[in-house]
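Down below is the structure, laid out as structure tokens.
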Amino acid sequence: MNISLENQTAIVTGANSGIGEACARALAAAGANVVINYVTKPEVAEKIAAEINVAGAGRAIAVAADVSNEAQVEAMFVRSRAEFGTVDILVNNAGLQKDAALQDMTLDEWNLVIGINLTGQFLCARAAVREFLRRGPRPEVSCALGKIICMSSVHETIPWAGHANYAASKGGILQLMKTMAQELAPKKVRVNSIGPGAIKTPINTLAWATPEAEHELLKLIPYDRVGEPSDIGKVCVWLASDQSDYITGQTIFVDGGMTLYPGFATGG
Ligand code: NAD
């Protein structure tokens, strides 16, 4: 399948690491202009943008913004419009974990994770929808007025002891995504989620960095390999393209079968 996103612009939040970086590179390779959003390590974001520009398909710029900060999110969209004219695709990817047993979890740890993982997705989605509506249809580039892809997790459905804030943020994304999809479908905005399983990125290095840890992790993955960021990038490009034009309000789990209850594979 040859997908072209030429003349479309994508904002990818948290795009200077892991899954966000892979999505940004894949979108740019398909021809989209890409905004590499970051909140730390500007030099990494600038390097990724430079490499995309050298590759010669879509163009890229690096833009700082904390997705949990309303003013910074608004400024990121203003900057994106100034550079590329409009925004067609939002990949709501930025996220983090602050793990603790429930009895030890501080309100700050709770608020930080909900603020970035959930409120951050709301703030960016709202800004994207306002831009889609302001700009109006561009049938020459896409059937949809705009596309929003929320980076959720298998933990939008699988409970996760010791990670109440993170699991609650991903459960919240499920209903945020579905409600936005229902509300915005008549306006031709498509909203979907990707639910990654275990993907090799800095967020979970401890879970796969040693052979022993990887062996334990693989017990949860029927397909018997840990995922790579590029596994998510490919699905992101497809969800951003008209190839998936009749899909909205869905989570696509990209998890090697982690959501198939592997503990029940031999009885239960
Ligand atoms: P990562 O730590 O490599 O990347 C997270 C990115 O988000 C980083 O660039 C980080 O700087 C950015 N970020 C954090 N706070 C931010 C803020 N306030 N504003 C802007 N950016 C911010 O981790 P990753 O695995 O690539 O995670 C990306 C997304 O995928 C997250 O939403 C995560 O919950 C989700 N996810 C990852 C996995 C996995 O196994 N790696 C599984 C399920 C879901």
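The values are calculated or read from the model by the stated rules, or taken from the named source; none is laboratory data. In this text the structure is predicted, and so the values were computed from the model without any measurement. All Cβ positions, glycine included, derive from the backbone under ideal geometry; neighbour counts span all protein chains shown.
Would you call Ala32 more than 13 Å from the ligand (Cβ to nearest atom) and small (Gly, Ala, Ser)?
Numbers: more than 13 Å from the ligand (Cβ to nearest atom): yes; small (Gly, Ala, Ser): yes.
Taking the combined requirement at face value, the residue satisfies it.
Quick check, is Ile232 in contact (Cβ under 8 Å) with a residue 40 or more places away in the chain, within 18 Å of Ala26 (Cβ to Cβ) and in a helix (DSSP H, G or I)? Reasoning before the result, please.
On the way: in contact (Cβ under 8 Å) with a residue 40 or more places away in the chain: yes; within 18 Å of Ala26 (Cβ to Cβ): yes; in a helix (DSSP H, G or I): yes.
Yes: the conditions hold for Ile232.
Which condition breaks for Gln243 when tested against (1) within 16 Å of the ligand (Cβ to nearest atom); (2) farther than 19 Å from Val12 by Cα; (3) part of a helix (DSSP H, G or I); (4) at pLDDT 95 or above?
(1)
When you scan the stretch 120-160, how many residues do you find that are within 16 Å of the ligand (Cβ to nearest atom) and under 18 Å from Gly195 (Cα atoms)?
Here the count works out to 17.
Filter the stretch 6-31 for residues that are within 26 Å of Val129 (Cβ to Cβ) and over 16 Å from the mean Cα position of the chain (by Cα) and give the result.
Glu6, Asn7, Gln8, Ala30, Gly31 - these are the residues of the stretch 6-31 that are within 26 Å of Val129 (Cβ to Cβ) and over 16 Å from the mean Cα position of the chain (by Cα).
What is the number of the single condition among (1) more than 19 Å from Asn16 (Cα to Cα); (2) within 16 Å of the ligand (Cβ to nearest atom) that Ala94 does not meet?
All conditions pass for Ala94, except number (1).
Residue under question is Ala125, and the condition is that it be touching a residue at least 60 places away in the same chain (Cβ under 8 Å) and closer than 19 Å to Val63 by Cβ; does it hold? Reasoning before the result, please.
Details: touching a residue at least 60 places away in the same chain (Cβ under 8 Å): yes; closer than 19 Å to Val63 by Cβ: yes.
Considered against the rule, which asks whether it is touching a residue at least 60 places away in the same chain (Cβ under 8 Å) and closer than 19 Å to Val63 by Cβ, Ala125 comes out as yes.
Please identify the pairs in which a residue from the stretch 151-162 that is free of Cβ contacts under 8 Å to residues at least 60 places away in the same chain has its Cβ atom under 7 Å from the Cβ atom of a residue that is of a type outside the set (A, V, I, L, M, F, W, C) and within 10 Å of the ligand (Cβ to nearest atom), counting only partners at least 6 apart or on another chain.
Going by the 7 Å Cβ cut-off, the qualifying pairs are Ser153/Lys170; Ser153/Gly195; Ser153/Pro196; His155/Tyr166; His155/Lys170; Trp160/Tyr166.
Quick one: would you say Ile116 is closer than 18 Å to His163 by Cβ, of a type in the set (Val, Ile, Thr) and in contact (Cβ under 8 Å) with a residue 12 or more places away in the chain? Show your work before the answer.
Values: closer than 18 Å to His163 by Cβ: yes; of a type in the set (Val, Ile, Thr): yes; in contact (Cβ under 8 Å) with a residue 12 or more places away in the chain: yes.
So Ile116 passes the test.
Here is a check on your reading of the model: is Thr266 crowded, with 21+ Cβ neighbours inside 10 Å and of a type in the set (S, T, N, Q)?
Numbers: crowded, with 21+ Cβ neighbours inside 10 Å: no; of a type in the set (S, T, N, Q): yes.
So Thr266 fails the test.
Where residues in the stretch 34-56 are among the polar types (S, T, N, Q) and either touching a helix residue (DSSP H, G or I) at 6+ places or on another chain (Cβ under 8 Å) or over 19 Å from Ala75 (Cβ atoms) (or both), which of them is surrounded by the most Cβ atoms within 10 Å (Cβ to Cβ)?
Among them, the one singled out is Asn37.
Residue by residue through the stretch 175-227, note down the ones that are within 15 Å of the ligand (Cβ to nearest atom), assigned to a helix (DSSP H, G or I) and of a type in the set (S, T, N, Q).
So the first thing to find is which residues in the stretch 175-227 are within 15 Å of the ligand (Cβ to nearest atom), and the list is 176-177, 192-209, 213-214, 216-218, 220-221, 223, 225-227.
Checking which are assigned to a helix (DSSP H, G or I) leaves us with 176-177, 202-207, 213-214, 216-218.
Once the filter is applied, which keeps residues that are within 15 Å of the ligand (Cβ to nearest atom), assigned to a helix (DSSP H, G or I) and of a type in the set (S, T, N, Q), the stretch 175-227 yields Asn204, Thr205.
Return the residues of the stretch 79-113 that are without any contact (Cβ under 8 Å) to a residue 60 or more places away in the chain and farther than 28 Å from Ala28 by Cβ; say none if nothing qualifies.
Gln103, Asp104, Thr106, Leu107, Asp108, Glu109, Trp110, Asn111, Leu112, Val113
Spot the failing condition for Gly115; the list is (1) near the ligand (Cβ under 10 Å from one of its atoms); (2) out of contact with any strand residue (DSSP E or B) (no Cβ under 9 Å at 6 or more places or on another chain); (3) over 25 Å from Val87 (Cβ atoms), and only one is missed.
For Gly115, the exception is condition (3).
Out of the stretch 1-29, which residues are away from the ligand (no atom under 14 Å from the Cβ) and part of a strand (DSSP E or B)?
Answer for the stretch 1-29, where residues must be away from the ligand (no atom under 14 Å from the Cβ) and part of a strand (DSSP E or B): Thr9, Ala10.
Among the residues that make up the stretch 131-147, is at least one of them part of a strand (DSSP E or B) and either surrounded by 18 or more Cβ atoms within 10 Å (Cβ to Cβ) or β-branched (Val, Ile, Thr) (or both)? If you could, list the steps in order and put the result at the bottom.
The initial filter retains those residues of the stretch 131-147 that are part of a strand (DSSP E or B), namely 146-147.
Next, only the ones that are either surrounded by 18 or more Cβ atoms within 10 Å (Cβ to Cβ) or β-branched (Val, Ile, Thr) (or both) stay: 146-147.
For the stretch 131-147, residues part of a strand (DSSP E or B) and either surrounded by 18 or more Cβ atoms within 10 Å (Cβ to Cβ) or β-branched (Val, Ile, Thr) (or both): present.
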